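The values are calculated or read from the model by the stated rules, or taken from the named source; none is laboratory data. Bear in mind that the values here come from a model prediction, so they are computed numbers and not experimental data. A quick note on method: Cβ atoms are made from the backbone with ideal geometry, for glycine too, and the neighbour counts reach across all protein chains shown.
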Amino acid sequence: MSLDNVLFKNVNIIDGTGADRFSGQVLIEGNRIKRIALNDDNLDSDNVRVIDGAGKTLMPGLCDAHLHLTWNDQPTLEFITMMPPEEHLIHSVNVARKLLDSGFTSGVGAASARPRFDCVLRNAINEGHIVGPRYLANTQEITTTGGLGDTSPPHVDIDELSFGWRISGPDEMRKTVRQFIKYGVDLIKLNLSGEEITPIPARATTMSEEEVDMAMTEARRYGIRACAHARSADSVKQCLDHGIEIIYHASFADEECLDRLEEHKDKFFVGPGLAWLVQTAYGAAEFGIPPESELAQAYANELEVAVEAMKKMHARGGIRVLPGGDYGFAWTPHGTNAKDLQYFVEMIGMTPMEAIVSATKMGGEIMGQPNSLGLIAEGYFADVLLVDGNPEEDITVLQDHNKLEIIMKDGEFHKDLT
Ligand SMILES: [Zn+2]
């Protein structure tokens, strides 16, 4: 007889709401959390495998709010699409597994390197053909001709060589958004501002109002949400004006942005992507970007400004700031994603519990499933981690894959006790 249900006994539960850790037991039936009880309660245990947690931590699986399964650990945007599609797809399949190995049971796709990869990966995960986190599939980065992500060389205009999907004008935007919706995306991604590693600086805002308006008109028509690469203050305002819910980076958000984010804190999410800034400024020397270089210093400067902006958001309370560090470049390898929680604690000044909430409860919210995902709560999906340690005391324990003793997604063991 197979044991369909699982009872975690004697675990210290971090439920993801921000409540204190408490000792108890959790019964999982099928793919849902059925009951949560204190240790002395007698939970019905028919057909159940009992796991004695010996005081270890049971917590919700993590969510990476800015995830690129198709970034292939290259040192430049150009190199990402130089990998031939066949190898690239296999690489992406392995990344999906690696994310789950790292305790991330959910992720918001923050753009796909090729038109259909994100949708194909999401479908394969959902159909059980490959393993990976719950995943929201995105478009390629939709950018303006010559904007961030237009990596086609000036003398050869080949879409396959461009990392971003290029548009000029509202009509091209309409066609592009409809095309990606045809592929089955959950989200669209707009590149509104630049990026220091490219010729377009981070403070530049490249997409026109008409283009953004058309993108959102089409997305709304089909009930599709949007996210944006928005480093400059003006690009953050475009997100606020046009209802782009997921605002990535927001490094140069000014007081007006902060006021408006606070006013509409239940609508918007901010994903600063700190790992990318930290590692490009200080951790990319072996890839030709030493910390004393002009490029690294530009990132160090942006990091300083971004951290101040995030501290202000945190101080205002209620503005949702989520982890997800643009992992998948050579110096931000996939699988190190839990570092973002450490940055939140050490740089922004969150408590470890606040950082955990940003990766769990808010993860359920940004995934669009606030009532069924991201918490250890009755009726929620059984996405849980058994951690040998207390992340409330040491948030870095979540980076140590050996300490993630059990990784369960949708009631299935991805990793079990050995
Ligand atoms: Zn990104």
Matching entry among Ala359, Ala377, Ala382 (being within 22 Å of Arg21 (Cβ to Cβ), within 18 Å of the chain's Cα centre (by Cα), small (Gly, Ala, Ser) and at pLDDT 95 or above): Ala359
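Restricting attention to segment 18-76, report how many residues are within 30 Å of Arg116 (Cβ to Cβ) and either more than 16 Å from the ligand (Cβ to nearest atom) or surrounded by 17 or more Cβ atoms within 10 Å (Cβ to Cβ) (or both).
15
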Applying the selection to segment 279-309, what residues are touching a residue at least 60 places away in the same chain (Cβ under 8 Å), part of a helix (DSSP H, G or I) and of a type outside the set (D, E, K, R)? Thr280, Phe287, Leu295, Ala298, Tyr299
Please identify the pairs in which a residue from segment 133-162 that is assigned by TED's automatic domain parsing to the domain that holds Ser112 has its Cβ atom under 6 Å from the Cβ atom of a residue that is basic (Lys, Arg) and buried (at least 24 other Cβ atoms within 10 Å of the Cβ), counting only partners at least 6 apart or on another chain. Tyr135/Arg122; Ala137/Arg122; Asn138/Lys189; Thr139/Lys189; Glu141/Lys189
Could you tell me whether any residue of segment 288-298 is within 16 Å of the ligand (Cβ to nearest atom) and among the hydroxyl-bearing types (Ser, Thr, Tyr)? no
For residues in segment 303-337 being in contact with a strand residue (DSSP E or B) (Cβ under 9 Å, 6 or more places away or on another chain) and among the charged types (D, E, K, R), which is farthest from the ligand (Cβ to nearest atom)? Arg320
Being under 19 Å from the mean Cα position of the chain (by Cα), not acidic (Asp, Glu) and not in a loop (DSSP other than H, G, I, E, B) narrows Val120, Val185, Val177 down to just Val120
In the set Gly128, Gly107, Gly132, which member is farther than 23 Å from Ile200 by Cα, at pLDDT 95 or above and either within 16 Å of the ligand (Cβ to nearest atom) or of a type in the set (S, T, N, Q) (or both)? Gly107
State yes or no: is Gly368 on the phi > 0 side of the Ramachandran plot and either more than 17 Å from the chain's Cα centre (by Cα) or among the β-branched types (Val, Ile, Thr) (or both)? no
Among the residues of segment 234-269, which ones are within 14 Å of the ligand (Cβ to nearest atom) and among the β-branched types (Val, Ile, Thr)? Ile246, Ile247
Taking segment 315-350 on its own, how many of its residues are outside any loop (DSSP other than H, G, I, E, B), touching a helix residue (DSSP H, G or I) at 6+ places or on another chain (Cβ under 6 Å) and of a type in the set (A, V, I, L, M)? 5
Note down all Cβ pairs under 9 Å where the first residue falls in segment 7-20 and is without any contact (Cβ under 8 Å) to a residue 60 or more places away in the chain, the second is surrounded by fewer than 19 Cβ atoms within 10 Å (Cβ to Cβ) and among the small types (Gly, Ala, Ser), and they're at least six residues apart or on different chains. Leu7/Ser45; Asn10/Ser23; Asn10/Ala54; Asn10/Gly55
Looking only at segment 185-198, decide whether some residue is surrounded by 18 or more Cβ atoms within 10 Å (Cβ to Cβ), more than 15 Å from the ligand (Cβ to nearest atom), in contact (Cβ under 8 Å) with a residue 12 or more places away in the chain and acidic (Asp, Glu). yes
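Residue-by-condition table, conditions (1) in contact (Cβ under 8 Å) with a residue 12 or more places away in the chain; (2) assigned to a loop (DSSP other than H, G, I, E, B); (3) among the acidic types (Asp, Glu):
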residue	(1), (2), (3)
Asn39	yes, yes, no
Ala65	yes, no, no
Trp71	yes, yes, no
Phe79	no, no, no
Glu87	no, no, yes
